[in-house]
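Remarks on the structure that follows.
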Amino acid sequence: MITSSLNASDLTLLRVEPARPALNQPQRATVFATDEGLGKLRRKVEDFEQKDRKSGRPYNADLVQSIGAIVEAGLRALWRSPAARFPDGQGAVPWEIWLDKAEAAGFIGQGPEYGVAVGADRLEFPEDIVVIATATREALALAIRRLAGVRALAAPSVTADYFDAMNPDEQDDWVDSLQGWTTFEAVDDPNYVTLLDRGVSRAHPLIQPALTAADRHAADPAWGVEDVVGHGTQLAGLTLYGDLTVALQTMQPIRIRHRLESAKIIPDAGHNPHHLLGAVTRAAVNAAETTGTRRRTFLLASTTEDDSPHDGAPTSWSSELDQLSAGVSGIVKIRRLMLVSAGNSDQNRFGNGDYLPVCDDPGNELESPAQAWNAVCVGAYTEKNTLPAGEPGTPLAPVGDLAPSSRTASWSSHWPLKPDIVMEGGNWLVSGPPPPMKHAALSLLTTDHTYPARAFTTVGETSAATALAARSVTELWSDYPDLWPETIRAVFVSSARWTERMRSHLPMNPGKGHFAPLFKRYGYGVPDMERARRSASNALTLIVQDTITPYRLSDSGGADHVHNEMKLFELPWPVEELRKLVNHPVTLRVALSTFVEPNPSEPARGSKFRYASHNLRFKLNRANEGRAAFIARISKAAEEPDEPAIDENDGWTFGRNRRDVGSLQIDQLTCPASDLARRNFIAVHPVAGWWKTRAIENPHERPVRFALVVEIDASESESNLYAEVKAVIETLNVAEV
């Protein structure tokens, strides 16, 4: 990049804004320059008058010819939040300030001398420290000019005060019946769903057996732990029982093995004004983990629209979720399984007709922190379309399609696919003039926080969907407690499929590009718990939990590190049975999951190779490609900078643009069984990450974990395949290359 010349000693590249041809606006770069740096920049311009003897081109031609003007930057040049959120008044207001880690102490210590009051909260990332400060625009601008270290400015986020509390459809006596059908099984080491929300009420008899008094916490010790609003208690009911409408209608026995924890992140009155929401979330996680190490599924169903549009780029909140997941943040340094809701749409934007164009609009993008790489982002779809007899109106969304409330991804392909999955989130009612309305019959039934005044209430949208996802993934983890969080994520998300209604938006013979709208709305689709459990236990699914050391020091002593190793797995294919099937189509689905350590510094915000500590990819050998040739091809490609340039016309359904993003990659291919018998090697290898491009010490001492899930689907032919795989599974050959 030309802008790399602006990131040198005494010159610090703070921000790069892409060109906007529609607005006739060129690319802009914001640079902090010392006096020496200004001198260097001046000399680069002066040297342009002379030509390089070898090339015949002027010195620094690319840089100088790209410069239209050099002007002193104002505060807006450092602003990374939506333009409409920039403070207009003259008084002191709160600012989210991103500081260079090396300069942070100086700015924090000297800021008050310029009228900049820095708060106590801190978020620490690899290259940045984020603080909240209160100052006027003039005072902050002066401090930035006089003190080094400010990389970016943003608006302090405010959580969406979202909950749904409609009148209950059922009465108090349901509780007694449901208690009679429910068994809370005694488990020595149970899994927990930890709700990061508004607290949970223990008064409700359906919740009390799963939530002890000691397991209720708050991010701020001064806050109470009770749920006075209702949202947390609603989600608690869903994480234990699912949609109570189903439980009450089926009247089947309910076995509950997992338990609940609550860690309040939202005060009883109002929001978290001018706080670093990542710091509040971290404090809540720390509070919950004072009870010891447990297998926890963290459920976060609070988001903010104040970072929109972010276009998929990291924010301080999403980056902290990535740090917590990777185990580099929090008092306890462990990897964590975190689920976050996609955020909800504004009903007033919708008419009574086709709602999907509104959902697909960039103004409806996922709310922060849902774009976090390591967290499972949950959107909403719906199968609810039944209204009471005689009820006027019709449901807005068709059965099996996106719930109208669910926000979608709108960003370019280099950021992760989000949402990861969708779960039931209810529907809206079209009755009379727009906008459509919420309706109890099209919502989910759950527990009410005002018990005994009310036993049940209704809830919906992506909060409800996330609670259902937390219930499902925790049940899966209870079945297979030895699996890592990275592995549970891979198995759970990889089990998802699009409904027939979702697939109806594809053309007859879709190409790879046609899948983009489906990914942006539905992620990988709706998880199938039967398939997920089968994947975790069936010999037709290979699950590998392993480590890899992506980078090492360069032998030549270069500034950047180099790729260190790849892992090669010989797949225990049932060769004889596959050959017997000849041209019978067999589907292979692969999922690769790792947790990355984030680096959300301003220069990294436009590159997946600068945000993630490491990036991993998987490759499968071709039908006529032996082990040695496959290793040679992958090894050669791994030497390429950034993304290896591999021609992969190998039948993958989704392709590299959809697969090779984020920290979870999933793809599938369908081929004749006899071809799959010869594609029996899979490699996991690194590509660039900030651990490689940034001069960190001892990269060879930084192993990372990954989970690889490889599944064969041969429909009715699986039984014979299973028997042969089971016979050879113990001979699996794993090699380091």
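The table below lists the values:
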quantity: Residue list for the stretch 445-465, restricted to those being of a type in the set (Val, Ile, Thr) and buried (at least 24 other Cβ atoms within 10 Å of the Cβ); calculated: Thr446, Thr447, Thr457, Thr458, Val459, Thr462
quantity: Residues located in the stretch 131-146, provided they are over 14 Å from His274 (Cβ atoms) and part of a strand (DSSP E or B); calculated: none
quantity: Selection within the stretch 392-413 - crowded, with 24+ Cβ neighbours inside 10 Å and closer than 18 Å to Gly662 by Cβ; calculated: Arg407, Thr408, Ala409
quantity: Within the stretch 521-562, considering residues that are charged (D, E, K, R) and touching a residue at least 40 places away in the same chain (Cβ under 8 Å), the one farthest from Ser593 (Cα to Cα); calculated: Asp560
quantity: Close pairs from the stretch 249-270: first in contact (Cβ under 8 Å) with a residue 40 or more places away in the chain, partner part of a helix (DSSP H, G or I) and among the hydroxyl-bearing types (Ser, Thr, Tyr), Cβ under 7 Å, at least 6 apart; calculated: Ile254/Tyr241; Arg257/Ser478; His258/Thr474; His258/Ser478; Leu260/Thr239; Ile265/Thr281
quantity: Among the residues listed as Thr245, Thr239, Thr290, Thr297, the single one being touching a residue at least 40 places away in the same chain (Cβ under 8 Å), crowded, with 24+ Cβ neighbours inside 10 Å and part of a helix (DSSP H, G or I); calculated: Thr239
quantity: Subset of the stretch 655-679 (residues that are surrounded by fewer than 18 Cβ atoms within 10 Å (Cβ to Cβ), touching a Leu at 6+ places or on another chain (Cβ under 7 Å) and outside any strand (DSSP E or B)); calculated: Ser674
quantity: Residues that are assigned to a helix (DSSP H, G or I), within 20 Å of Asp401 (Cβ to Cβ) and at pLDDT below 95, drawn from the stretch 438-496; calculated: Ala441, Leu442
quantity: Matching residues in the stretch 389-444 - criterion: being in contact with an Asp or Glu (Cβ under 6 Å, 6 or more places away or on another chain), closer than 24 Å to Cys377 by Cα and aliphatic (A, V, I, L, M); calculated: Val399, Leu444
quantity: Residue list for the stretch 201-220, restricted to those being touching a residue at least 60 places away in the same chain (Cβ under 8 Å) and more than 28 Å from the chain's Cα centre (by Cα); calculated: Ser201, Ala203, His204, Pro205, Leu206, Ile207, Ala214
quantity: Test for Gly432: is it assigned to a loop (DSSP other than H, G, I, E, B) and surrounded by 22 or more Cβ atoms within 10 Å (Cβ to Cβ); calculated: no
quantity: Pick from the stretch 519-539, criterion hydrophobic (A, V, I, L, M, F, W, C) and crowded, with 19+ Cβ neighbours inside 10 Å, ranking: farthest from Val575 (Cα to Cα); calculated: Phe519
quantity: Residues of the stretch 605-622 satisfying the condition of being touching a helix residue (DSSP H, G or I) at 6+ places or on another chain (Cβ under 9 Å), farther than 20 Å from His563 by Cα and at pLDDT below 85; calculated: Arg605
quantity: Only listed residue being among the aliphatic types (A, V, I, L, M) and surrounded by fewer than 17 Cβ atoms within 10 Å (Cβ to Cβ), chosen from Leu442, Leu506; calculated: Leu506
quantity: Within the stretch 87-130, tally of residues that are closer than 26 Å to Pro598 by Cβ, part of a loop (DSSP other than H, G, I, E, B) and either touching a residue at least 12 places away in the same chain (Cβ under 8 Å) or touching a Pro at 6+ places or on another chain (Cβ under 9 Å) (or both); calculated: 9
quantity: Residue satisfying all of: in the stretch 497-512; assigned to a helix (DSSP H, G or I) and in contact (Cβ under 8 Å) with a residue 60 or more places away in the chain; nearest to Arg656 (Cα to Cα) among these; calculated: Lys512
quantity: Total residues in the stretch 363-391, condition over 17 Å from Arg349 (Cα atoms) and surrounded by 21 or more Cβ atoms within 10 Å (Cβ to Cβ); calculated: 16
quantity: Residues within the stretch 240-280 that are within 30 Å of Val131 (Cβ to Cβ) and β-branched (Val, Ile, Thr), tallied; calculated: 3
quantity: Selected residue (only one of Gly351, Gly363 is touching a residue at least 40 places away in the same chain (Cβ under 8 Å), in a loop (DSSP other than H, G, I, E, B) and more than 25 Å from Pro598 (Cα to Cα)); calculated: Gly351
quantity: Test: Leu518 is in the same structural domain as Pro398 (by TED's automatic domain parsing) and not in a helix (DSSP H, G or I); calculated: no
quantity: So Asp555, is it under 30 Å from Leu442 (Cβ atoms) and out of contact with any helix residue (DSSP H, G or I) (no Cβ under 8 Å at 6 or more places or on another chain); calculated: no
quantity: Test: residue in the stretch 688-697 that is at pLDDT below 90, more than 27 Å from Ala516 (Cβ to Cβ), buried (at least 22 other Cβ atoms within 10 Å of the Cβ) and touching a Lys or Arg at 6+ places or on another chain (Cβ under 8 Å); calculated: no
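Residues checked against (1) out of contact with any Ser or Thr (no Cβ under 9 Å at 6 or more places or on another chain); (2) more than 30 Å from Glu530 (Cβ to Cβ):
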| residue | (1), (2) |
| --- | --- |
| Gly425 | no, no |
| Pro435 | yes, yes |
| His439 | no, yes |
| Leu445 | no, no |
| Thr450 | no, yes |
| Thr487 | no, no |
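To keep it simple, each residue is scored yes or no on (1) in a helix (DSSP H, G or I); (2) more than 22 Å from the chain's Cα centre (by Cα).
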| position | (1), (2) |
| --- | --- |
| Ala222 | no, yes |
| Pro273 | no, yes |
| Gly278 | yes, no |
| Val285 | yes, no |
| Ala313 | no, no |
| Ser318 | yes, no |
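The values are calculated or read from the model by the stated rules, or taken from the named source; none is laboratory data. Computed from a predicted model, the values in this text were never measured in an experiment. As a convention, Cβ positions derive from the backbone with ideal geometry for all residues, glycine included, and neighbour counts pool all protein chains shown.
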